[in-house]
Amino acid sequence: MDSSEAANGKLNPMSFSFIRFYMLAFLFFAANSALTIILPLRSEAAGLNQAEIGLIMGAYMFTCMLLRPFAAQLLGKYGPLRVMKWLLVLHAATLLLFVVFDVKSYLWLRALQGAATAFFSMTMQVGIVEKLEDKDRGQGLSMYTLFTMVPSLVIPILAIQIWENASEIWFTVLMIGLAVFPILIGYNVDMPRSTVQNKSYSLRDIAGSFRGMLNSTPLLISSLVMLFASCVYGATATFLPLYMVSARVASPGIFLTIQGFMVILCRFSLRKKIPSDGSWNTWLIAGLLISASLGTQLLALLEMIGPLVYLSAVFSGFAVALLYPMLTTYLSFVLPADSRYVLMGIFMSAYDLGFSLGGLLMGIIVQTSSYSTMFTICTFLTITAMIMVMVFRNQMEAGNEIRSAMNAKS
């Protein structure tokens with residue numbers, strides 16, 4: 001850390017402190033990457049149907065959705081560092097319980113895991129916003145989200161191997177390791193002890209923030225786009241392994257590895273291209289949604305196109321890589337500072353709700369029709385989000401020139 005950083009308390013996104021941030025993110029989300037593969041396969045083997053599996057997998061993000069605004073409230077009251085210590089203990093305990101209990105307990109264990117994730121992601125993103133200069137915020141959020149996706153490059157193949165070899169011992173070792181190492185790395189990570197939103201919110205304040213979303217076009221449109229896109233992510237994460245194993249056309253491990261590699265490549269190489277001044281890029285957001293729609297439609301055609309389905313991982317990976325960090329960075333600038341984290345919590349709740357619906361509702365669709373039909377519906381969802389972005393183009397771009405002028409003066 002150089003003298004200027006020490007003077008204002010801000011860090012470089014590639015400093016040692018932030019490398020610890022990123023390693024902590026990798027270890028924390030590696031657990032979900034493994035369980036996303038293993039739990040559906042275990043549940044199906046135990047006789048659960050697709051709707052029940054969707055309910056179990058959707059409980060993770062549904063709990064996240066409910067707790068995001070309260071996570072922002074506790075961050076304001078107790079500070080990121082203290083909240084981080086609590087959540088790492090909860091995360092470790094939950095992973096150890098997965099070793100002890102069977103599929104009958106997966107629903108409430110996924111809910112517990114979702115509670116830890118709600119607090120973790122809010123705490124990490126608050127730390128990034130508080131610890132970085134404005135000009136580095138987009139790069140920091142991109143690097144953080146990159147490391148949340150790095151596990152998808154290696155963990156799915158490891159999880160498939162554990163499943164195929166029916167290795168309970170290695171599953172236990174994996175869960176213990178992923179419980180212990182985040183505590184060792186993250187218990188005293190360089191988190192701020194307080195935030196600019198250094199206050200707590202009542203339930204009435206939080207409810208008012210939800211109502212205020214309707215009066216904020218940037219928050220409303222960003223949340224709806226994220227809702228539709230994350231519904232697709234949730235459906236893919238929950239049912240892709242089952243779909244490919246049943247079709248015997250492609251390997252879910254290889255698919256998820258290609259997608260993970262694409263996400264990592266794009267987030268690292270394009271991290272400085274994400275606008276870090278609060279500007280809105282309609283054409284880039286629309287292009288990402290088109291890429292996502294191509295990815296899901298190729299999945300819908302899996303049995304017709306065979307190994308060409310791996311192109312879907314490329315299109316989906318590109319969309320996943322940039323959409324979330326772009327929208328998060330944008331909102332971190334345009335939302336009012338005194339309620340920024342509660343409002344960002346609402347945006348993240350939209351992501352969580354979409355992801356959980358991807359498991360819950362799409363599981364019912366699969367059970368009543370087919371995987372192909374379900375992925376075709378996912379295509380329509382992303383196209384709908386793209387149309388929404390184009391319709392509200394003028395309102396979303398309204399502040400671009402003002403912010404550019406302000407940045408030029410500064």
query: If you work out Cα extents along the principal axes in Å from the coordinates, which of (1) 60, 46, 41; (2) 72, 59, 43; (3) 61, 53, 42 do you get?
result: (1)
task: Please express the Cα-Cα pair-distance distribution P(r) of the stretch 289-351 as a list of whole percents, one per 10 Å bin, running from 0 to the bin with the greatest distance.
output: 21, 34, 23, 16, 6, 0
task: Write down Rg/Rh for the stretch 18-164, rounded to two decimals, with Rg from the C-alpha atoms and Rh from the Kirkwood relation over Cα pairs.
output: 1.00
task: Enumerate the amide H contacts of Leu132 below 5 Å, restricted to partners 5 or more residues apart or on another chain; note that Pro and chain-start residues carry no placed amide H.
output: Leu11
- line: Taking a ≥ b ≥ c as the square roots of the eigenvalues of the Cα gyration tensor, with a/c under 1.5 meaning rounded and otherwise prolate when a/b exceeds b/c and oblate if not, the stretch 263-322 is oblate
message: Could you give the length gained by full extension between Ile364 and Ala398, i.e. 0.36 nm per residue of separation minus their alpha carbon distance, to one decimal place?
response: 8.2 nm
- request: Keeping all protein chains in place, calculate the accessible area per residue for the chain (probe 1.4 angstrom), answer in Å².
  value: 40 Å²
statement: So Leu301 and Val249, fully extended at 0.36 nm per residue minus their Cα-Cα distance, gain in nm 17.6 nm
message: With θ taken as phi - 60° and the coefficients 6.51, -1.76 and 1.60, list the Karplus ³J(HN,Hα) couplings across the stretch 101-117 in order, rounded to whole Hz; mark glycine and proline as x.
response: 9, 9, 4, 5, 9, 4, 4, 6, 5, 5, 5, 4, 4, x, 4, 4, 5
- prompt: In deg cm²/dmol, rounded to 500, what helix-only [θ] at 222 nm does the chain give when every DSSP H run of at least 4 residues adds -39500 (n - 2.57) and the total is split over its residues?
  reply: -27500 deg cm²/dmol
statement: For the stretch 342-359, in residue order, the Karplus 3J(HN,Hα) values (coefficients 6.51, -1.76, 1.60; θ = phi - 60°; whole Hz; Gly and Pro = x) are 5, 5, 5, x, 5, 4, 5, 5, 4, 4, 5, 4, x, 5, 5, 5, x, x
- prompt: Stokes-Einstein D for the stretch 267-410 at 37 °C, 0.692 mPa s, Kirkwood Rh over Cα pairs, in µm²/s?
  reply: 193 µm²/s
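The values are calculated or read from the model by the stated rules, or taken from the named source; none is laboratory data. Treat the numbers as computed from the prediction; the structure is a model and nothing was measured. The protein model used for the area step is the full one, side chains on, heavy atoms only, and it has no ligands, DNA or RNA in it. Shrake-Rupley method; radii C 1.70, N 1.55, O 1.52, S 1.80 Å.
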